[in-house]
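Student: This is the structure I have questions about; it appears just below.
The values are calculated or read from the model by the stated rules, or taken from the named source; none is laboratory data. These numbers come from a predicted model, not from an experiment. Cβ placement follows ideal geometry from the backbone for every residue including glycine, while neighbour counts extend to all protein chains displayed. Quick note on the areas: whole protein, heavy atoms, side chains included, nothing else; ligands and nucleic acids left out. Shrake-Rupley method; radii C 1.70, N 1.55, O 1.52, S 1.80 Å.
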Amino acid sequence: AKAPFAGTNPEIVAAIIDNRLRFAYIALLSAVTVICSDRFQDDVPIILHGYSHPVPDGRGFKMLGLKFAGPWMEPGFVRKGYRDSLADLKVQVAALIDRFNDMLERVTGMPAFEHVHHLDLRGTLSSGDDYQDSWRDELHPTEAGVRKIVAAYESLLATV
């Protein structure tokens, strides 16, 4: 169905990211923490990774010139009636990714989860004019993008 107004619905975003996903992460992390504590008598470091800002340009995954999957985001915007420019769509997607990363930061900041670390990948992959150097399609990094993500993991692991 076509969206009644432009942009995301703040109540739905809050219900999904700030409530359902947050509670799911808390439940999962609590269970894993208890299991690890029982098994290893210590808290095992856990890394939660966020995402960089993808670009909803309608590109799917191709190999040998054949389309295998996707696109994932752009068709949803079109179905909902968003005919915004790519720049406007990038802003909307970035806001959702920021909200998700902010939620992860709040969860990892809880006293019970001092052993849980948030790997903030925002800015790791470009969403600027050169975004195709980082993004193979709407959701997956190029080989160069993967190297940047691995470097971010290595940097965090050096501190854990």
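Student: Using the structure shown, decide if ASP42 is surrounded by 10 or more Cβ atoms within 10 Å (Cβ to Cβ) and touching a helix residue (DSSP H, G or I) at 6+ places or on another chain (Cβ under 8 Å).
Tutor: No.
Student: Now for a different question. What pairs come out if I take residues in the stretch 19-37 that are under 16 Å from HIS118 (Cα atoms) and pair them with residues that are surrounded by 14 or more Cβ atoms within 10 Å (Cβ to Cβ) and at pLDDT below 95 whose C-beta lies under 6 Å away, six or more apart or interchain?
Tutor: Listed by first residue and then by second, the contacts come to nothing, as the list is empty.
Student: Mind listing just one residue for me: the one in the stretch 69-112 that is more than 30 Å from ALA27 (Cβ to Cβ), open to solvent by 60 Å² or more (accessible area, probe 1.4 Å) and basic (Lys, Arg) and, of those, modelled with the lowest pLDDT?
Tutor: Checking each candidate, the answer is ARG83.
Student: Looking at (1) β-branched (Val, Ile, Thr); (2) farther than 27 Å from ASP18 by Cβ; (3) assigned to a loop (DSSP other than H, G, I, E, B), find the lone condition where VAL160 falls short.
Tutor: In the conditions (1) β-branched (Val, Ile, Thr); (2) farther than 27 Å from ASP18 by Cβ; (3) assigned to a loop (DSSP other than H, G, I, E, B), VAL160 misses (2) alone.
Student: Continuing with this model, one more query. Quick check on ASP43: is it within 30 Å of LEU156 (Cα to Cα), among the charged types (D, E, K, R), in contact (Cβ under 8 Å) with a residue 60 or more places away in the chain and not in a helix (DSSP H, G or I)?
Tutor: Yes.
Student: Something else now. Any residue in the stretch 68-95 that is in contact (Cβ under 8 Å) with a residue 40 or more places away in the chain and among the aliphatic types (A, V, I, L, M) sitting within a Cβ distance under 7 Å of a residue that is crowded, with 16+ Cβ neighbours inside 10 Å and part of a helix (DSSP H, G or I)? List the pairs, counting only those 6 or more apart or interchain.
Tutor: Pairs found: MET73/VAL93.
Student: Could you look through the stretch 113-160, keep only residues that are hydrophobic (A, V, I, L, M, F, W, C) and closer than 19 Å to LYS62 by Cβ, and pick out the one that is surrounded by the fewest Cβ atoms within 10 Å (Cβ to Cβ)?
Tutor: Looking at the filtered set, the residue picked out is ALA144.
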